[in-house]
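A.B. asks: Submitted below is the structure of interest, expressed as structure tokens.
The values are calculated or read from the model by the stated rules, or taken from the named source; none is laboratory data. Computed from a predicted structure; not experimentally measured. Quick reminder, even Gly has a Cβ in these numbers, built from the backbone with ideal geometry, and neighbours come from all protein chains shown. Surface accessibility is based on the protein's heavy atoms, side chains included, excluding ligands, DNA and RNA. Shrake-Rupley method; radii C 1.70, N 1.55, O 1.52, S 1.80 Å.
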Amino acid sequence: MASWNSVPLEVLYNVLGWIAFVSWSISFYPQVILNFRRKSVVGLNFDFVVLNLTKHSSYLIYNASMFFSCAVQRQYHYRYGKNEMIPVAANDVAFSTHAVLLTAFTLFQISIYDRGNQKVSKIAIAIVSVAWLSVAVCVFVAIPKHSWLWLVSCFNGLQVAMTVTKYIPQAVMNFRRKSTVGFSIGNILLDLFGGLTNYGQMAVQSIDQHSWVNFYGNIGKTLLSLVSIFFDILFILQHYVLYPSRKEEVSPKFDVEEPRDIQGR
């Protein structure tokens, strides 16, 4: 079985992993707090939240299976070598569990707070339906052959697809409104920091093991960080450069389809 060659690198790996966990986990709260204070979810794209729940649910299934299942781990070692470490850490499982709970709570807020004229689009509903139908087919294909590593990789692939897809509705909505009012930038700043420390954690493991298998052996985690960092930078540019918010207090009951009212003109 694989083991660490350097104790300091092992400690650094764990420290970076839990820093990423804390940063990513805290990143959910600014939006939840903002919704609570405004008693409104206007400005938060509902498609983003629905797609995010599918993304984190599939990621939780992948992380928990890879971390706890001996059968999955045996197939991983058979494919990549017995000396390779499992590319999922305890902080990955903890983050995924917390993310599912907080995303579900955000959906609850959407159901009870002022929504204006916003609603979940039919496109988002269709995407989520097709996504879960696809992994259901994968389950039926994997069971007879006991292809457990392939099956959890399907869930990993789903979370990557959802990661790419989920940010687009919010980015487009910000562009159309020429505003980021109602969308918490604190979430994005913490998410960016978590993505960078996550890459650092993976790099430390690769340096210790003299192998980069954990990057392509867990391509989902690699792409998760890469895509998240890209969109985080985009949202930061939208918030601070392209559509900086005005100093006047903005009523939470504005109509997202009338940017003139949002900007107080």
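A.B. asks: Ignoring ligands, DNA and RNA, what percent of the 1.4 Å accessible area of the chain is carbon and sulfur?
C.D. replies: Working: 9020 of 13180 Å².
Accessible surface attributable to carbon and sulfur in the chain totals 68 percent.
A.B. asks: Along Cα→Cβ, 7 Å out, is where each label goes; now give me the distance between the ones at I123 and I233 in nm to one decimal.
C.D. replies: In this crude label model, I123 to I233 measures out at 2.5 nm.
A.B. asks: Shape of region 17-138 from its Cα gyration tensor (a ≥ b ≥ c, root eigenvalues): rounded if a/c is under 1.5, otherwise prolate when a/b > b/c, or oblate?
C.D. replies: Judged from the Cα gyration tensor, region 17-138 comes out oblate (a/c at least 1.5, b/c at or above a/b).
A.B. asks: Then there's this: With Rg and Dmax of the Cα atoms in Å as the read-out, I listed (i) 21.2, 61; (ii) 20.0, 65; (iii) 19.1, 59; which label goes with the value calculated from this structure?
C.D. replies: Structure-derived value, by its label: (ii).
A.B. asks: Students sometimes get this wrong: rank Y29, Y199, Y167, Y240 by accessible area, probe 1.4 Å, all chains present, largest first. Please report the intermediate quantities before stating the final value.
C.D. replies: Values: Y29 95, Y199 55, Y167 10, Y240 125 Å².
Output order, biggest surface exposure first: Y240, Y29, Y199, Y167.
A.B. asks: Give me the extension gain from N14 to S245: residue separation times 0.36 nm, minus the current Cα-Cα distance, reported in nm with one decimal.
C.D. replies: Net length gain for the segment: 79.3 nm.
A.B. asks: Using +1 on the beta carbon of Lys and Arg, -1 on that of Asp and Glu, and nothing else charged, what's the dipole of the chain about the Cα centre, debye to 20?
C.D. replies: Using Cβ point charges on Lys, Arg, Asp and Glu, the chain gives about 560 debye.
A.B. asks: Tell me, what ³J(HN,Hα) does each residue in region 195-202 have, in order and in whole Hz, if you take phi through Karplus 6.51 cos²θ - 1.76 cosθ + 1.60 with θ = phi - 60° and put x for Gly and Pro?
C.D. replies: x, 5, 5, 5, 4, x, 4, 5
A.B. asks: Report, to the nearest 10°, how far helix 7-26 tilts away from the longest principal axis of the Cα atoms in the chain, using its own Cα long axis and a range of 0 to 90°.
C.D. replies: On a 0 to 90 degree scale, this one is about 30.
A.B. asks: In degrees between 0 and 90, to the nearest 10, how far off the longest principal axis of the chain does helix 46-68 point, with axes built from Cα atoms?
C.D. replies: Tilt relative to the chain: about 20 degrees.
A.B. asks: Shifting gears a bit: FRET efficiency for L133 and K39, Cβ-Cβ distance as r, R0 = 41 Å, nearest 0.05?
C.D. replies: Once the sixth-power term is evaluated, E becomes 0.70.
A.B. asks: Within the set K119/K178; K82/K166; K55/K145, which residue pairs have Cα atoms separated by over 30 Å?
C.D. replies: Details: K119/K178 19 Å; K82/K166 36 Å; K55/K145 26 Å.
The pairs that break the limit, which is 30 Å between Cα atoms, are K82/K166.
A.B. asks: Quick check: the angle from helix 70-80's long axis to the longest principal axis of the chain, C-alpha only, nearest 10 degrees?
C.D. replies: Approximately 80 degrees, to the nearest 10.
A.B. asks: Okay, next question. For the chain, what is the mean residue ellipticity at 222 nm derived from helices alone (per DSSP H run of n ≥ 4: -39500 (n - 2.57); sum divided by total residues; nearest 500 deg cm²/dmol)?
C.D. replies: Details: 11 runs with 193 residues, N = 265.
Per the formula, -24500 deg cm²/dmol.
A.B. asks: Okay, moving on. Let me check something: with ligands and nucleic acids excluded, how do W132, W212, W24, W18 order by accessible area (1.4 Å probe), largest to smallest?
C.D. replies: Ranking W132, W212, W24, W18 by accessible area, largest first, yields W212, W18, W132, W24.
A.B. asks: For region 164-175, in order, what is each residue's ³J(HN,Hα) by Karplus, 6.51 cos²θ - 1.76 cosθ + 1.60 with θ = phi - 60°, in whole Hz (x at glycine and Pro)?
C.D. replies: Values per residue, Gly and Pro as x: 5, 7, 5, 6, 4, x, 5, 5, 5, 4, 4, 5 Hz.
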